[in-house]
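Here is the structure we will look at, set down as structure tokens.
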Amino acid sequence: PTLQVWDKSMALSFAEFVLPDTQRMTTWVISPGSDLNPNSSLSRYVSRAVELYGSEDSRNFYHAGSGLDMEGLASAMQAVQGRVEPVLILGTTFSYVHFLDYCQERSLQFTLPAGSIVFDTGGLKGQAREVTVEELHQAFTAAFCLDRSRFVNMYGMTELSSQLYDRTVSSSVSDAQSMYVKSGP
């Protein structure tokens, strides 16, 4: 009847699996937030992540009417190259695929600050084309110059009010090596 359990599950799990070694991070969202899509659990999820864990420099690159601001995101990525503070990018898997296509067409590559995290949610089937997880991770590495241990995929199940997270970041912090398996709240 309320979103209280969902919110608690999201908040605690996000802290554990995505930001285990920091409390806040500059967060860039590349999917609609709850202001654009108030009935979407994913939109609520990304908005809550920014609210709870995003720094004051956080921003959303997805806008009503125009969609993903590819140029703005590329410009922001260029601006953080050489900086120390890491960034967290949150978005649907296929928002990334479209942005990676944009980068490839323009021969763009970015060196994101050490400790940055690429967080994708959703799947790779049933879209404009199919992309394997390996292809996606290779494209992340090539475009963002980050190690696989900095990629987190979250598979959310709205009807169960739960999410399953890659343990890549959390295990690299706690065990000094990344585990490529999913865990739930």
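For the reader, a short list of remarks on this structure follows.
- Scanning segment 56-95 for residues that are of a type in the set (Ser, Thr, Tyr) and within 23 Å of ASP166 (Cβ to Cβ) gives SER58, TYR62, THR92, THR93, SER95.
- Within segment 50-87, the set of residues being touching a helix residue (DSSP H, G or I) at 6+ places or on another chain (Cβ under 6 Å) and under 23 Å from GLN4 (Cα atoms) comprises LEU52 only.
- Failed item in (1) open to solvent by 10 Å² or more (accessible area, probe 1.4 Å); (2) at pLDDT below 95; (3) among the charged types (D, E, K, R), with ASP120 passing the rest: (1)
- Flag for SER58 being within 22 Å of LEU146 (Cα to Cα), of a type outside the set (Phe, Trp, Tyr), free of Cβ contacts under 8 Å to residues at least 40 places away in the same chain and buried (at least 17 other Cβ atoms within 10 Å of the Cβ): yes
- Here VAL181, VAL173, VAL87 are screened, and the one residue that is touching a residue at least 12 places away in the same chain (Cβ under 8 Å) and surrounded by 18 or more Cβ atoms within 10 Å (Cβ to Cβ) is VAL87.
- The number of residues in segment 28-87 that are modelled with pLDDT of 95 or more, polar (S, T, N, Q) and touching a strand residue (DSSP E or B) at 6+ places or on another chain (Cβ under 7 Å) comes to 3.
- Pick from segment 137-149, criterion assigned to a helix (DSSP H, G or I) and touching a strand residue (DSSP E or B) at 6+ places or on another chain (Cβ under 9 Å), ranking: surrounded by the fewest Cβ atoms within 10 Å (Cβ to Cβ): THR141
- Residues of segment 35-46 that turn out to be over 16 Å from the mean Cα position of the chain (by Cα) and either closer than 15 Å to LEU88 by Cβ or surrounded by 15 or more Cβ atoms within 10 Å (Cβ to Cβ) (or both), as a count: 3
- For segment 127-175, filtering for residues that are modelled with pLDDT of 85 or more and closer than 19 Å to TRP6 by Cα leaves 2.
- Of the residues making up segment 1-27, those that are among the acidic types (Asp, Glu) and either open to solvent by less than 20 Å² (accessible area, probe 1.4 Å) or over 13 Å from ARG44 (Cα atoms) (or both) are GLU16, ASP21.
- Residues of segment 168-181 that are over 13 Å from VAL118 (Cα atoms) and not small (Gly, Ala, Ser): VAL173, ASP175, GLN177, MET179, TYR180, VAL181.
- Some residue of segment 22-35 being among the basic types (Lys, Arg) and farther than 29 Å from ASP175 by Cβ: no
The values are calculated or read from the model by the stated rules, or taken from the named source; none is laboratory data. The model shown is predicted, which means the values in this text are computed figures rather than measured ones. No Cβ is skipped: glycine too gets one built from the backbone with ideal geometry, and neighbour counts run over all protein chains shown. These area figures cover heavy atoms from the full protein model, side chains too; ligands, DNA and RNA do not enter into them. Shrake-Rupley method; radii C 1.70, N 1.55, O 1.52, S 1.80 Å.
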